[in-house]
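Single-structure report; data block below.
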Amino acid sequence: MSDFEKELEQIAEDQQGVEEEKLPSLEEQRAIVAKLKQLEAEGKLTEEVLAEHFSKFYDENGSPVH
């Protein structure tokens, strides 16, 4: 078994029992993009605002959550 296959197997084992985060619908994504573009134009796009929308797709150990 290659290192890559071992790594994939380890990721699969680590993610057992962890519920997958559902991606927003296309309409929800469009609304988020519009809001972020507006905030960017106003100069109010901060890391905190980005984290509000995207932190749920980030895992502390660096493995994918979607």
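Of note:
- Any hit, the stretch 19-33, residues being at positive phi and modelled with pLDDT under 95: no
- Scan of the stretch 1-17 for residues that are free of Cβ contacts under 8 Å to residues at least 40 places away in the same chain and open to solvent by less than 100 Å² (accessible area, probe 1.4 Å), ordered by number: 2, 5, 8, 9, 10, 12, 13, 17
- Any hit, the stretch 4-18, residues being modelled with pLDDT of 90 or more and part of a loop (DSSP other than H, G, I, E, B): no
- Number of positions in the stretch 19-43 that are surrounded by 10 or more Cβ atoms within 10 Å (Cβ to Cβ) and in a loop (DSSP other than H, G, I, E, B): 3
The values are calculated or read from the model by the stated rules, or taken from the named source; none is laboratory data. Keep in mind that this is a model prediction, so the values were computed, not measured. Positions of Cβ are backbone-derived with ideal geometry, glycine not excepted, and every protein chain shown enters the neighbour counts. Side chains included, ligands, DNA and RNA excluded: accessible areas come from the protein's heavy atoms. Shrake-Rupley method; radii C 1.70, N 1.55, O 1.52, S 1.80 Å.
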